[in-house]
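One structure is given here, and the rest of the page talks about it.
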Amino acid sequence: MNLAEFSKQIRRETLRCIHSQGSGHVGGSLSIADVLAVLYANHMRVDSANPRKEGRDRLVLSKGHSGPALYATLAIKGFFPMEWLDTLNILGTRLPSHVNINLTPGVDMTAGSLGQGLSCACGLALGEKIKHSDGYVYVIVGDGELQEGQNWEAAMFAANKKLDNMIVFVDNNKMQIDGLTKDVMNIEDIEAKFKAFGFETSRVDGHDHAAIDNAICIAKADAGAPHCIVLDTVKGKGVSFYETMGVGVHSTTVDAEQYKKALEELK
């Protein structure tokens, strides 16, 4: 699959999803499109016809407010009809604003309160170990989310249990709802912190498909410890006026004019 086109398609359908509601979490959804493209094109062992298949790889989107990007990816991959993307967060939808395992085919863990996803992922990864399954658990956390202490309890657990079947991605877009991450509560050096907790770590351009893919391959070949891949990303990536919006792009509008302009850029 052409990863450049797949990423654009994910971004187009993400904005379609948010446009159906008129506004939503644009910035952090667009910033993870590239890692989702690499995962679902090259690594995720899943079956759209059997989303709960035993032994599958799992994705925990801890930053669950970026659900539109995951919904777009799953729809493209055939987990549910594309028309569902026009129903974001309306009464009776299967696509709530934050991902929910009980509503959406292909979603492996419910997310809501930030900071909890890594703990859930540890449980999933340990379960796969106990079952002697070769399934991988991938986790996407936000940079601001790492300000939650529960992440570091989970990190200790993951290292102690040698959960080498788990790879954590940090969407390091350097912004959160209240401002720049470094101003709210600086979390750098992210690599050093995870390494101190017993992880193997790497840091790549979060929009470079080859670099992301290579980092995943290295992590999967390196047994004995969980891995963390820090993705340096741009909030609102792929659409120029969202990229330059600053902190306001965390949650913003996708009105008819913005949607039309964005689609022009994402051709």
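The values are calculated or read from the model by the stated rules, or taken from the named source; none is laboratory data. Quantities reported herein were computed from a predicted structural model and do not represent experimental measurements. Here the Cβ is made from the backbone with ideal geometry for all residues, glycine too, and neighbour counts use every protein chain on show. The area values use the complete protein model at the heavy-atom level, side chains included, leaving out ligands, DNA and RNA. Shrake-Rupley method; radii C 1.70, N 1.55, O 1.52, S 1.80 Å.
Observations, loosely collected:
- Projecting label points 7 angstrom from Cα along Cα→Cβ for K195 and K182 puts them 2.0 nm apart.
- When each of the peptides 45-56, 60-71 is scored by how many other beta carbons lie within 10 Å of its residues on average, the order from highest to lowest is 60-71, 45-56.
- Subset of K77/K220; K235/K261; K129/K182; K237/K261; K182/K267 violating a 25 Å alpha-carbon distance limit: K129/K182; K182/K267
- Local net charge near I212, Cβ-Cβ under 10 Å (Lys/Arg +1, Asp/Glu -1): -4
- Pairwise centroid distance, computed over Cα atoms, of the range 30-73 with the range 103-120, Å: 12
- Protein heavy-atom accessible surface, 1.4 Å probe, per residue over the range 208-267: 45 Å².
- Calculated SAXS-style log₁₀ I(q)/I(0) at q = 0.07, 0.16, 0.17 Å⁻¹ - the chain, Debye, Cα scatterers: -0.21, -1.22, -1.39
- Relative intensity, log₁₀ I(q)/I(0), of the range 42-181 from a Debye sum that treats every alpha carbon as a point, q = 0.08, 0.13, 0.15, 0.21 Å⁻¹: -0.22, -0.57, -0.76, -1.31
- Going by accessible surface with a 1.4 Å probe and the largest first, M185, M44, M175, M245 read M185, M245, M175, M44.
- Loop-located trypsin sites (Lys or Arg not before Pro) in the range 139-205, at most 16 other Cβ atoms within 10 Å (DSSP): K161, K162
- On the chain, 52 percent of the accessible area sits on carbon and sulfur atoms, based on a 1.4 Å probe.
- Ligands, DNA and RNA are left out, and with a 1.4 angstrom probe the accessible area of the range 59-193 is 40 Å² per residue.
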